[in-house]
Amino acid sequence: AQTVTQSQPEMSVQEAETVTLSCTYDTSESDYYLFWYKQPPSRQMILVIRQEAYKQQNATENRFSVNFQKAAKSFSLKISDSQLGDAAMYFCAYRSAGAPNDMRFGAGTRLTVKP
Amino acid sequence: EPEVTQTPSHQVTQMGQEVILRCVPISNHLYFYWYRQILGQKVEFLVSFYNNEISEKSEIFDDQFSVERPDGSNFTLKIRSTKLEDSAMYFCASSEGRVQPQHFGDGTRLSIL
């Protein structure tokens with residue numbers, strides 16, 4: 001079964017600085033999707049960024065980028081120029097291309113942004 | 001931007017009672033999902049729904065759970081006889097297609113007394 005591990009329960013970053021959140025996963029599949037979701041105190045789960053496993057190029061969305069290392073099964077999220085509004089729980093998630101309905105989440109990393 | 005909406009935001013129910021959690025997925029989405037998050041734990045997949053039937057469910061989704069799309073807009077999760085351990089945040093999600101990203105609602109916090 002696929003598992004997703006986020007080894008950092010909490011992270012802190014100074015406003016305007018860069019922070020990297022770690023995520024590793026375990027799978028025997030070759031085709032899958034990886035996601036980072038953000039859950040602010042308002043509770044809504046917001047999709048931050050998405051990566052297809054067949055793409056070698058790392059996904060980028062404005063200040064958010066990923067470092068996808070398929071062989072190492074690693075999928076870290078980098079937030080550049082951190083803003084106060086980035087403070088939230090961040091969840092890494094895995095979804096198989098063969099069973100797209102079953103999305104597996106990591107335990108989450110709580111990010112604090114200091115002014 | 002269209003959103004997934006869930007009602008109520010907080011539901012308090014006596015153990016053994018039935019509860020229905022409601023969701024309105026994004027209107028052009030075809031796939032619907034329920035997840036739950038017990039306090040301090042991971043978000044866990046419960047069930048997915050497509051073409052008016054369950055397409056996949058987890059081991060958590062036992063006989064006390066059911067889902068329904070009673071009309072063209074709502075998607076409901078029913079828990080028949082609630083237990084203390086059903087207390088959790090329940091998230092509804094929808095996606096446009098099989099591989100498109102899932103969009104989540106704000107969640108319903110279910111508290112079983």
_Candidates B:Ser27, B:Ser66, B:Ser55 - the one that is closer than 16 Å to B:Gly97 by Cα and more than 9 Å from every other protein chain (Cβ to nearest Cβ)_ = B:Ser27
*Single condition B:Thr76 does not satisfy, out of (1) over 17 Å from B:Ile20 (Cβ atoms); (2) more than 14 Å from chain A (Cβ to nearest Cβ)*: (1)
_When the residues of segment B:79-113 are narrowed to those that are over 12 Å from B:Cys23 (Cα atoms) and among the hydroxyl-bearing types (Ser, Thr, Tyr), which ends up farthest from the other protein chains (Cβ to nearest Cβ)?_
B:Ser81
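For segment A:63-102, give me every one of the strands (runs of 3 or more DSSP E) that falls completely inside it and has 2 or more residues that are within 12 Å of chain B (Cβ to nearest Cβ), open to solvent by less than 30 Å² (accessible area, probe 1.4 Å) and in contact with a strand residue (DSSP E or B) (Cβ under 8 Å, 6 or more places away or on another chain).
Working: elements: A:64-69, A:74-79, A:88-96.
Strands (runs of 3 or more DSSP E) meeting the threshold: A:88-96.
Taking the conditions exactly as written (part of a strand (DSSP E or B), at the interface with another protein chain (Cβ under 8 Å from one of its Cβ atoms) and surrounded by 13 or more Cβ atoms within 10 Å (Cβ to Cβ)), does B:Ser48 satisfy them or not?
yes
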*Matching entry among A:Gln44, A:Gln2, A:Gln57 (being away from every other protein chain (no Cβ under 14 Å), more than 12 Å from the chain's Cα centre (by Cα) and not charged (D, E, K, R))*: A:Gln57
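The values are calculated or read from the model by the stated rules, or taken from the named source; none is laboratory data. Predicted model only: the values in this text are computed from it and were never measured. Heads up, the Cβs are rebuilt from the backbone with ideal geometry, glycines too, and the neighbour counts pull from every protein chain shown. The protein model used for the area step is the full one, side chains on, heavy atoms only, and it has no ligands, DNA or RNA in it. Shrake-Rupley method; radii C 1.70, N 1.55, O 1.52, S 1.80 Å.
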